[in-house]
1. Mind listing which trypsin sites (Lys or Arg not before Pro) in the range 1-85 are in a DSSP loop and have 15 or fewer other Cβ atoms within 10 Å?
2. Stokes-Einstein at 10 °C, 1.306 mPa s, Kirkwood radius from Cα pairs: D for the chain in µm² s⁻¹?
3. Could you work out the relative contact order of the chain, using alpha carbon pairs under 8 angstrom and six or more residues apart, expressed as a whole percent?
4. Among the chymotrypsin sites (Phe, Trp or Tyr not before Pro) in the range 1-44, which ones are in a DSSP loop with at most 12 other Cβ atoms within 10 Å of the Cβ? Mind listing them?
5. How much accessible area per residue does the chain have, in Å², with a 1.4 Å probe?
6. Quick check: at a probe of 1.4 Å, how many percent of the accessible area of the range 1-41 sits on carbon and sulfur atoms?
7. So how tilted is helix 2-23 from the main axis of the chain? Cα-based, degrees 0 to 90, rounded to 10.
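The values are calculated or read from the model by the stated rules, or taken from the named source; none is laboratory data. Keep in mind it's a predicted model, so treat the numbers as computed, not measured. Don't worry about glycine lacking a Cβ; one is built from the backbone with ideal geometry, like all the others, and counts go over all protein chains shown. The accessibility values were calculated without ligands, DNA or RNA, using every heavy atom of the protein model including side chains. Shrake-Rupley method; radii C 1.70, N 1.55, O 1.52, S 1.80 Å.
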Amino acid sequence: MVLNILLQIIQIYSYALIIYILLSWFPNARESGFGQLLAKICEPYLEPFRKIIPPLGMIDISPIVAIFLLNFASRGLISLFDMLGLI
């Protein structure tokens with residue numbers, strides 16, 4: 001049960017990141033109330049990736065790496081819970 005809750009939180013956060021990334025394609029979308037809410041949620045996680053991974057021209061690939069890391073974390077949680085016999 002705890003594993004399912006953690007996996008759901010990671011999945012919802014991944015969706016929030018994707019929506020936040022897509023907002024950059026629309027003018028003034030990030031300045032809206034919804035965009036600012038997502039910025040408060042997503043930017044603290046994305047900031048370390050942006051410091052490490054420079055943009056390639058106009059393309060910022062750091063959110064892709066951040067989403068892959070979340071996916072890796074969820075798989076790690078599944079493996080950890082399996083090793084501990086909690087699944």
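1. On the way: sites: R30, K40, R50, K51, R75; in loops: R30.
The qualifying sites are R30.
2. Working: Rh = 14.3 Å.
Estimated via Stokes-Einstein, D reaches 111 µm²/s.
3. Working: 43 pairs, mean separation 25.4, N = 87.
Relative contact order here is 29 percent.
4. Sites meeting the loop and neighbour criteria: W25.
5. Values: 6410 Å² over 87 residues.
Averaged over the residues of the chain, the accessible area is 74 Å².
6. Numbers: 2150 of 3020 Å².
Within the range 1-41, the accessible surface is 71 percent carbon and sulfur.
7. Here the helix axis deviates by roughly 10 degrees.
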